[in-house]
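Only the coordinates and a few stated rules stand behind these numbers; no lab work does. Keep in mind it's a predicted model, so treat the numbers as computed, not measured. With ideal geometry, Cβ positions are generated from the backbone for all residues, glycine too; neighbour counts draw on all protein chains shown.
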Amino acid sequence: MRIVGRSLAPCLGISGAVNAAGLLAERADKEAFTGDVMAWVTSRISSAQLVVADLSRAKPNVYLEVGYAWAVGIPTVLVIAKAEKPQFNLQGHTHIKYTSIKDLEQKLTAKLRALVRGGTVPPEGG
């Protein structure tokens, strides 16, 4: 499981939801590695079971990473703060709107558990 997005507070909600669904979260800013960051990021996305991306604040790197995940066939779950709107190219895609970190964690936990139950995402170690 890879988390895309750099804002700390939503990442806490995402990590909690990922763990509650029995998956393992990974964030580039929490990992130790050397070399080119994008090479590491694309390598990790390519091997992920799923990518959760926070589209809040319209960060170009997040949109790039979502596009890369789609290009290599990795399922994505998109989340965004309720007060915001995704950029044009992603407006037609399903995304979870959240009002608080707790709201994000609850909604994302339900979505991830459903994906695991439905077999879209295998449980960690499964």
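Tabulated data for the structure shown
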{"read-out": "Amide H contacts of T76 (H built 1.01 Å from N, under 5 Å, at least 5 apart or other chain)", "value": "V51"}
{"read-out": "Selection from Q49, H93, A69 lying farthest towards where the dipole of the chain points positive, charges on Cβ", "value": "H93"}
{"read-out": "Efficiency of FRET from Cβ geometry, A110 and A71, R₀ 30 Å, rounded to 0.05", "value": "0.60"}
{"read-out": "Integer Hz, Karplus 6.51/-1.76/1.60 couplings in order for region 36-46, x for Gly and Pro", "value": "5, 5, 5, 5, 5, 4, 5, 5, 5, 5, 4"}
{"read-out": "Gaussian network model of the chain, Cα within-10 Å springs - most flexible of V66, V37, V51", "value": "V37"}
{"read-out": "In order through region 88-101: 3J(HN,Hα) via Karplus (6.51 cos²θ - 1.76 cosθ + 1.60), integer Hz, x for Gly, Pro", "value": "3, 5, 10, 4, x, 8, 5, 8, 8, 9, 10, 9, 7, 4"}
{"read-out": "Gain on full stretching of the segment that runs from R57 to H93 - 0.36 nm per residue minus C-alpha separation", "value": "11.3 nm"}
{"read-out": "Dipole in debye (nearest 20) - the chain, about Cα centre, beta carbon charges: Lys, Arg +1; Asp, Glu -1", "value": "380 debye"}
{"read-out": "Simple spin-label estimate for S43 and T120 in nanometres, 7 Å along Cα-Cβ", "value": "2.9 nm"}
{"read-out": "Partner aspartates and glutamates for K97 [C-alpha distance under 13 Å; skip if fewer than 8 residues away on the same chain]", "value": "D54, E84, E105"}
{"read-out": "Estimated vicinal HN-Hα couplings, Hz - region 17-25 in sequence order (Karplus 6.51, -1.76, 1.60; Gly, Pro = x)", "value": "5, 4, 5, 5, 7, x, 10, 10, 8"}
